[in-house]
1. Could you tell me whether VAL236 is hydrophobic (A, V, I, L, M, F, W, C), farther than 20 Å from GLU26 by Cα and at pLDDT 95 or above?
2. From GLU75, GLU46, GLU26, GLU88, grab the single residue that is of a type in the set (D, E, K, R) and closer than 18 Å to GLY171 by Cα.
3. Hey, can you tell me all the residues within region 137-182 that are among the charged types (D, E, K, R) and away from the ligand (no atom under 14 Å from the Cβ)?
4. Considering only residues of region 232-282 that are more than 27 Å from GLY191 (Cβ to Cβ) and of a type in the set (Lys, Arg), which is nearest to the ligand (Cβ to nearest atom)?
5. Only one of GLY104, GLY131 is closer than 20 Å to LEU280 by Cα and modelled with pLDDT of 95 or more; which?
6. If a residue has to be open to solvent by 10 Å² or more (accessible area, probe 1.4 Å), in a helix (DSSP H, G or I) and either out of contact with any Ser or Thr (no Cβ under 9 Å at 6 or more places or on another chain) or within 17 Å of PHE71 (Cα to Cα) (or both) to count, how many in region 97-116 make the cut?
7. What are the pairs, 6+ residues apart or on separate chains, where a residue within region 150-166 that is within 16 Å of LEU186 (Cβ to Cβ) and open to solvent by less than 10 Å² (accessible area, probe 1.4 Å) has its Cβ under 9 Å from a residue that is within 8 Å of the ligand (Cβ to nearest atom) and in a strand (DSSP E or B)?
8. Quickly run through region 61-70 and pick out the residues that are touching a strand residue (DSSP E or B) at 6+ places or on another chain (Cβ under 7 Å) and open to solvent by 50 Å² or more (accessible area, probe 1.4 Å).
Amino acid sequence: MLCGRWTVLNQQQLRTFDENGFLVLEKLFSSRKISALREAAVEIVEDFDIERHRTVFRTDDRDAGRDDYFFDSAENVHCFLEDGALDESGELIRPKNLAINKIGHAMHDRIPEFTAFCRQPVIGEILRDLGLEAPQLWQTMYIFKQPSIGGEVRWHQDASYLITHPASVTGLWVAIEDATRDNGCLWMQPGEHRSPLREIYRVDWETREGLLTGLDSTPWAVEKAVPVEAPAGSLVLFHDHMPHYSSVNTSSKSRHAFTMHVSDSRARWSDENWLQRPNLGVFEL
Ligand code: FE2
């Protein structure tokens, strides 16, 4: 421990993160802070013109559906729809507030409530406790996991989509509502953050096309998978090689979550990442 530096995580928590590849800090954030994010997200959806943008976010198509609306969300605040919110002819079959899969990916720059949340000193402290020298926040998402239709997110590792050299990304997942097995909580594979990176998603900026490529055929250790149930206000930290998954939400309850992805300034952000911030620049925590 560095002299004179206040730390949030104790040695046991640091060991757990190192051994398991993830760590749950239950009810770290107050209900007031969580409500502020929820209300800000509701407002974004109210202002969203669903007639103009019908981009669905799904993960069962090897990311073939990523378009300019998706790429441009790196520096903006865009809403993406649940697949189950549209009928076969692409017509909306749900009220707008129950049709959105997620909002992304620059709320921390564009929406004051999200900026304030991300700038809480405790977040930077936790990341420095984990060994990041100068944490840089690249993306934020507000995920709705809507009742009955909230889509599955297949097994993946975040380093496939957020490439740094060397790998240095940490995921922060905040439960805005209680996350349970019933409403589609995260599942993780303790210890498997040491397993190889299976895939990589790279964008050719000449053609503006992304491609998901296999790197390693080691099967996912699904037999090790554990549900990461977390009450509202909890923070889940996880390593960028940790395989994770969430099921379809077939319950009548939504499962809102807010996520942040952070890299260390000592690592180089790849030009092949889908997410680039030429205008917004670095957001330091
Ligand atoms: Fe992920």
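1. No: the conditions fail for VAL236.
2. Every option except GLU26 fails the conditions.
3. GLU177, ASP178, ARG181, ASP182
4. Looking at residues that are more than 27 Å from GLY191 (Cβ to Cβ) and of a type in the set (Lys, Arg), I get ARG277.
5. GLY104 is the lone residue from the list that is closer than 20 Å to LEU280 by Cα and modelled with pLDDT of 95 or more.
6. The qualifying residues number 7.
7. Sorted first by the residue in region 150-166, then by its partner, the pairs are GLN157/HIS244.
8. ARG62
The values are calculated or read from the model by the stated rules, or taken from the named source; none is laboratory data. No experiment lies behind these values; they were computed from the predicted model shown. FYI the Cβ positions are ideal-geometry reconstructions off the backbone, even for glycines, and counts take in every protein chain you see. We work out accessible area using only protein heavy atoms, side chains counted, and drop any ligands, DNA or RNA first. Shrake-Rupley method; radii C 1.70, N 1.55, O 1.52, S 1.80 Å.
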